[in-house]
Every structure is written in structure tokens, then in C-alpha cells.
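Have a look at the structure below before the remarks.
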Amino acid sequence: MTIENEKTKLISIIPKPVRMTVTSGKFTLNNKTKILVDENCKKNGEYLKKILDPATGFNIPIEDSIKSKSEENIIILSLDSKQKTINQEDYILKITQQGINISAHASIGIFYGIQSLRQLLSEKIEAPKFVGDINWTIPCIEIRDYPRFKWRGFMLDVGRHFFGKEVIMQILDVMALLKMNVFHWHLTEDQGWRIEIKKYPKLISIGSKRKETQIGGFSSFGTDGIPHEGYYTQEDIREIISYATKRFINIIPEIEMPGHTKSALASYPELSCTGGPFEVSPLFGIHKDVYCAGKESVFNFLQDVLNEVMELFPSEIIHIGGDEVPKDRWKECTDCQNRIKNEGLKDENDLQVYFINRIAEYISSHGRRVIGWNEILHDDLEKNVIGQYWSGLKSIIREHLRNGRNFVMSNVSHLYLDYSYEAISLSKCYAFDPILRKLEEQFHQNILGIEAPMWTEWPQNSEWLYRFIFPRLIAVAETCWTPKENKNFESFKNRLESFLKRLEINGINYTKLEETI
Ligand code: ACM
Ligand code: ZN
């Protein structure tokens, strides 16, 4: 093994870069260091300055790289469209004794180069305030890096428990540090509707509140007697989208349908098969009351809701849920049965395909694309709808992949971050690979990537929430980014120590390593 390879063991970047060569010497950041940017890198320059200034106490100037005379002690950010590209998100980070150079094809690559640079500095760089005189020294290194998958996601359920703006932004910050780029926001549930829809105010005045919450696990029907409520105004949502966009994270909103909709039915019971009444559910699990698939008013309502959602969210992709839909009510509803007859459908399962296709067509007609949980899969499902796999037969998924359908993998066995560490240990989570066995190579590209869901039946506050998310999300991020052959759990654990210190400095809780295995 060469000295360079030995030295790379001391580099604690997560996700592990594709290629690293440590050379001799080091660069030290000091109060004379400057950031040099070309016209296209100004925003990234500002972002880097905001990371470096507080802890170091420096006030690092940003200069135009064409006009600046500085040749030493500089951090250069530059776009190089001629650089040979492997991937639109790639970057090169070179550190010599004279300076730091981050170059990339696109701004997103520069941004990711900054995340690697951050992790080469002492963890104390994450501190929001001056931390005293420390040596901000970095070993000379050359990194060439790009992601394995283009979809590197995390899902948060804010329906079961509401988490405010600050929590979402804190998570987005960690995702950025991990080079993750999809935040899937599960905004509606049986237990709460969390997104303001101007045309239907009762979704908030009724749907965002419940009188109490189940506690003690799925088999216990005890409740806490404590009201729970919360929602995001459209203004909050715009603010969070803007925060995410600056971190190159796309936010995919999920509006669940036709099931998991008790909060909407409590607000507007006429959208159900029976007419209600209903309450926003204090209990978890699967609920039999779902949107009526026979009533036109349901489609009008959902189109109105989606209009406001599409107006708010720039995301090309919109999530419509589709999981866990009991057919009990549809079987007994005259409107649903009439729909089955009039549309020439076979049964209630066909009715679910009709429902999803109708919504997918509506969303497509607005230039967007639908994703839904794997229960929506069917040969007649619109071709460009993305499947999100969580459970069920892999042989069926393989067939859909062979037929050209795109998938995001969220396997319940390895990626459900709400599961206990006994069920999904850190090492098990890290060992996950999304490429299905026996899937021919030419279809691998239909697997867009990975998303780890965090359902929130039980965590009632952010400390509790973070204990489940971290450190498993950090393992997921490495699987999303690092080539399979570069992954190694022992190496990951060594690098994790530094990453966890960064979380600690930001006041983010996590489960200790010895309790995760
Ligand atoms: C799911 O866990 N019901 C997608
Ligand atoms: Zn019905």
C-alpha cells in the first residue's frame, strides 16, 4: 500500500469520495485567506464564507477571480464546462500548500466540493460562534468525486407528529453536508393535515388538530389525552423551499390518496363513501375510510389541492401516496360501484388504478411527473409514473423494471429509520444495496436511487426523532453516493466519529455507536 493510500485513512469525509490522493504538505486557513470566484460561483462563495467565518472569527473576503492579483492563500471556486464529465454533479477538489481549488461542471458540483472541504477541516468549523485560536490546517489532497445515484433521499412524515420549520431546516442542513438531494415531505395523514390550502380552510381549522395520540406501541390502544396540532402556512413552505434550493435539495411534497386521509375526511366528510362523520385519528395503523372513487367532487377537490401544491412546489415530481388502501368502503358504496360499471372496470383494485391514473394524467398535463408507493403498480399504470418500493414481492418489481418503469428503493427491511436499532442495526442499514439480485445490468439505470423514510408514530419531539434518524441516515447517504466497491463498514465507523461531532456541535441528537450495532 502506498503512503498516499495510508494517509487517506485519516480523511474522514462521508460519503466517501470516489478517488482521493493525499500528497505531502498542508494548507492552513488564516486571516489572510481569500475566496476567489468567477461570475457563476458567487453564491457558492457566499455560502462558503458563511461556513468559514463564524468559527474561525475571520472575515474572509470574496474577490472576482479575473480581477484579483492574489496567487497564494486562496480558495478558488470555478466552473469549467470543458472539464471531462462523468456526471453533472461531479467536482474536483485540489488542496496544495498555496491554496484550494474547487472546480466543477455546474454549481451543484462546487457545492459538493465545499461539503468535502468542510469535512477536511476540524469539526469545530461547524460552530456557530468563534471557537478560539485553532490551527485550521488541511492536508494536501486531490479529490475527484461524483455520485453513484441521482436520487439520494430522505422522507419525513409530519402527519403523525408535526415538526416545525426549524427542525426541517436543521435536517436540510445535515442532508446538504451528506450530499443528499431529495427531501420527500409526507404532508398529509389520517392523524393530521399539515399544508395550508387556501381554497379549503377546514383542512387546517379541523384537519391539522387531533384531540389525543396513541401511545405505547401498535398493540396498545392507550392514548395520552394530550391535543396535538400543527401546520405549515404557504409562506412557511416557500421559505423552506428557498432554504432547500440554496442547498441543491429538491423538495417533493406528498399528498396521500386515496387512503391515509382521515384528516381530510374529518374536514370535508362529503369526500368519503359514507358521508361520515369522522375525527382526525388519534390512532395509527390502516383506516378503512378513504376518498370515494365514485364521486366527481373528490377529483375536483384533489385537483384544486394539487393546483395549489404545484403552484407552491417547483419540483418536477409530485408524490401521491397510494399505499395501504382498504377496499371495504368502495365495495359497499353505490357511487364507487357505479364507477366500476360505467368505466368497465373489473373490481375495486381496478378502481384504484383508475383513481391513480386519473390523478397522474392531471399532474402530467401540468408538466409534472408522479411518484407513488408500490401498491399503485399495475400493468395499466401510466408508464412514466415512478414506483417507490417499500415492501412486497421483488419479482414483481423486477418485471416492472424490465418493462422500463423507474423506481426509488425504500426497502422496509433496511431503510425504515423509525424501526428500532434491534430490527435495523447501523451495520444492516449500511450493508443495503438497492440493485435487485438477478436484475440484468441494462435495467439497473431504472433504479433512480434510494430514499430512507422516517415515519413518526412515536417520536414526539426532535431529540427523539433524531435518535432514530442518526446515525442511520449517514449510512444511507454513503450508499447513495459512494461506489459499492469503495464501501467498507469499518472505514465508515472510523469516519463517523468526526461526523457525529459535527452533529453534536449543531445540537443534533443521535444514537451512540455502541447502541446501534
Ligand atoms: C408505507 O410504509 N406504508 C409506505
Ligand atoms: Zn365511494
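Overview of values
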quantity: Cβ pairs under 7 Å, 6+ apart, first in segment 164-187 and in contact (Cβ under 8 Å) with a residue 60 or more places away in the chain, second of a type in the set (Asp, Glu) and buried (at least 22 other Cβ atoms within 10 Å of the Cβ); calculated: VAL182/GLU451; HIS184/GLU254; HIS184/GLU451; TRP185/GLU254; HIS186/ASP157; HIS186/GLU254; LEU187/GLU254
quantity: Check on GLY449, at positive phi and surrounded by 13 or more Cβ atoms within 10 Å (Cβ to Cβ); calculated: yes
quantity: Which numbered condition THR516 fails, given (1) over 19 Å from the mean Cα position of the chain (by Cα); (2) over 30 Å from LYS394 (Cα atoms); (3) among the β-branched types (Val, Ile, Thr); calculated: (2)
quantity: Count of segment 421-477 residues which are of a type in the set (Gly, Ala, Ser), under 24 Å from SER491 (Cβ atoms) and in a helix (DSSP H, G or I); calculated: 4
quantity: Residue in segment 205-226 that is of a type in the set (Asp, Glu) and in contact with a helix residue (DSSP H, G or I) (Cβ under 7 Å, 6 or more places away or on another chain) present; calculated: no
quantity: Residue check, TYR354 aromatic (Phe, Trp, Tyr) and more than 16 Å from ligand 2 (Cβ to nearest atom); calculated: no
quantity: Test: residue in segment 250-262 that is out of contact with any His (no Cβ under 9 Å at 6 or more places or on another chain) and within 16 Å of ligand 2 (Cβ to nearest atom); calculated: yes
quantity: Segment 60-70: number of residues that are touching a residue at least 24 places away in the same chain (Cβ under 8 Å) and in a loop (DSSP other than H, G, I, E, B); calculated: 6
quantity: Count - residues of segment 8-33 that are crowded, with 19+ Cβ neighbours inside 10 Å and more than 27 Å from ASN87 (Cβ to Cβ); calculated: 2
quantity: Scope segment 378-420; condition under 24 Å from the mean Cα position of the chain (by Cα), of a type in the set (Val, Ile, Thr) and either assigned to a loop (DSSP other than H, G, I, E, B) or surrounded by fewer than 17 Cβ atoms within 10 Å (Cβ to Cβ) (or both); matching residues; calculated: VAL385, VAL412
quantity: Filtered residues of segment 354-377 (kept if within 15 Å of ligand 1 (Cβ to nearest atom) and either part of a strand (DSSP E or B) or more than 24 Å from PRO326 (Cα to Cα) (or both)); calculated: ILE371, GLY372, TRP373
quantity: All helices (runs of 4 or more DSSP H) inside segment 243-338 with 3 or more residues being surrounded by fewer than 20 Cβ atoms within 10 Å (Cβ to Cβ); calculated: 296-312, 328-332
quantity: Filter result for THR56 (over 23 Å from CYS480 (Cβ atoms), of a type outside the set (Lys, Arg) and loosely packed, with under 14 Cβ neighbours inside 10 Å); calculated: no
quantity: Residue list for segment 174-197, filter: crowded, with 24+ Cβ neighbours inside 10 Å and closer than 8 Å to GLY159 by Cβ; calculated: HIS186, THR188, GLU189, ASP190, GLN191, GLY192, TRP193, ARG194
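Throughout, read-outs are computed from the coordinates displayed, never taken from laboratory work. Here the structure is a predicted model, which is why all the values come from computation and not from measurement. Heads up, the Cβs are rebuilt from the backbone with ideal geometry, glycines too, and the neighbour counts pull from every protein chain shown.
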